[in-house]
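Here's the structure we're looking at; comments come further down.
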Amino acid sequence: MTLTNRSMASLRPQPEIELVVDTPQNSSFTTQIQSSLSLSSIFARRIKESLSSILTRFHAGYFRISLSLGGQALLWKTLIGPTDDSSTLRHVLHMFHPTAFLVLWSFALFTLVLLSLLYILRCLFYFNMVKAEFLHHVGVNYLFAPSISWLLLLQSSPFVTPKTTSYLVLWWFFAVPVVALDVKIYGQWFTKGKKFLSTVANPTSQISVIGNLIGAQAAATMGWKESAVCLFSLGMVHYLVLLVTLYQRFSGSDRLPAMLRPVFFLFFAAPSVASLAWESINGAFDTASKMFFFLSLFLFTSLVCRPALFRRSMRRFSVAWWAYSFPLTMLALASTEYAQEVKGSIAHLLMLLLLSLSVLVSLGLTIFTLLNTKMLLPDNDPISGLHHLPTVSA
């Protein structure tokens, strides 16, 4: 009995020793798992917070960037395309390598796809903000910008040619939203009390007109002249009404803040696009196209002669600066068609001047944007926080 007790006593420490050896290993393994899970959760939470911060500050106004890049792509496709202009300048521009154009178009496509994905996510997770944007007298006009950007890339595409099924399907897909917004917005201008044109008109209202004209140009390119004339007439009638309203500057209308002053360049963007759209419909840069071009040239000169109007908006970089590029690109494109029709030295000199200005502005904005990425999503956004910003009279 004593021997048995001694044997049992001698066996007791062994499991205790095993427990002492195994316990730290299990504890260390558990700690590693908990640490990895904690890091994963922290990483996921930070990604979610960053994405949420981006989506809450992002809005359709950022499609100014894709408008400018799409316009540049269309401009350079026109310059390197076939022409009967035998001038030295056009011959030099025609030497622009097709690979460089393909890189430009691909960059514009990548930018537009990225912006579109962000806006789709905003619609899915922050639909109330999109609804508020639709009800805003400035924000609602930029809802045309995605469709306009896609139509520009469609016309400048090196892969999709007009009069093909793919071109037709894509045109319908991008043109229908423009017409739907037309029915809503233009209907509000003369039927809804607080949405009268005299109370909501501002320079960004011309984006709706540009949307119709770009759609008309794309339709005429594939041979749908009836649809092109329909969209052209719809845009131009409302442009005339809008231009008169903006010229009168009713005291009851909402004024733009200083940060959004670059959108005044849209005044000459609409007639520039009108000259191009009418050329596509008529088949020649005739008197009507020249009239629209001269009007846009006059409005451009009027704005350039008033640098004080844009002084406050240029104090600090913002995405609103991209509003300079698209109108200049459309004016340069119209001057290209004008020079091809007139074939005069003055016309080609004007084309060179506007083309150089357009390229320099677009290139400069791209560099500024890459160098100031932290300022792309400011707290005092000019659209989402418009009512908090100071306004100045012209």
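The values are calculated or read from the model by the stated rules, or taken from the named source; none is laboratory data. These figures come from a predicted structure and were not determined experimentally. Cβ sites come from the backbone with ideal geometry, for glycine too, and all protein chains shown count toward neighbours. Heavy atoms of the whole protein, side chains included, go into the accessibility calculation; ligands, DNA and RNA do not. Shrake-Rupley method; radii C 1.70, N 1.55, O 1.52, S 1.80 Å.
For segment 134-159 versus segment 243-319, the spacing of their alpha-carbon centroids is 17 Å. Placing unit charges on the Cβ atoms of the charged side chains and taking the dipole of segment 63-184 about its Cα centre, the candidate lying farthest along the positive direction among Val103, Trp172, Asn141 is Asn141.
So how strong a dipole does segment 157-280 carry about its Cα centre when Lys and Arg Cβ are +1 and Asp and Glu Cβ are -1, to the nearest 20 debye? Please list the in-between numbers first.
Working: 9 positive and 4 negative charges, 77 e Å.
Charge dipole, segment 157-280, about its Cα centre: 380 debye, nearest 20.
Pairs spanning more than 19 Å between alpha-carbon atoms, out of Lys77/Lys290; Lys290/Lys343; Lys48/Lys131; Lys163/Lys225: Lys77/Lys290; Lys48/Lys131.
Remark: spin-label model distance Arg312-Thr83 equals 4.1 nm, labels positioned 7 Å along the Cα→Cβ axis.
Of the residues Trp224, Trp150, ranked by 1.4 Å probe accessible area with the largest first, the sequence reads Trp224, Trp150.
Across the accessible surface of segment 100-190, with the other protein chains kept in place and a 1.4 Å probe, carbon and sulfur atoms take up 80 percent.
Tell me, what % of the accessible area of segment 232-325 is carbon and sulfur with a 1.4 angstrom probe?
Details: 2700 of 4180 Å².
Carbon and sulfur atoms account for 65 percent of the accessible area of segment 232-325.
Ligands, DNA and RNA are left out, and with a 1.4 angstrom probe the accessible area of segment 204-354 is 39 Å² per residue.
How much accessible area per residue does segment 122-182 have, in Å², with a 1.4 Å probe? Working shown, then result.
Numbers: 2860 Å² over 61 residues.
Per residue, segment 122-182 has 47 Å² of solvent-accessible surface.
Ordering Leu295, Trp278, Met222 by Cα displacement along the dipole of segment 219-322 toward the positive end leaves Leu295 in first place; charges were set at the Cβ atoms of Lys, Arg (+1) and Asp, Glu (-1).
Find how much the distance from Val304 to Arg45 grows on full extension, using 0.36 nm per residue of separation minus their present alpha carbon separation; answer in nm with one decimal.
Working: separation 259, 0.36 × 259 = 93.24 nm, distance 4.81 nm.
Here the answer is 88.4 nm.
Each part reduced to its alpha carbon centroid, segment 177-212 and segment 335-378 end up 29 Å apart.
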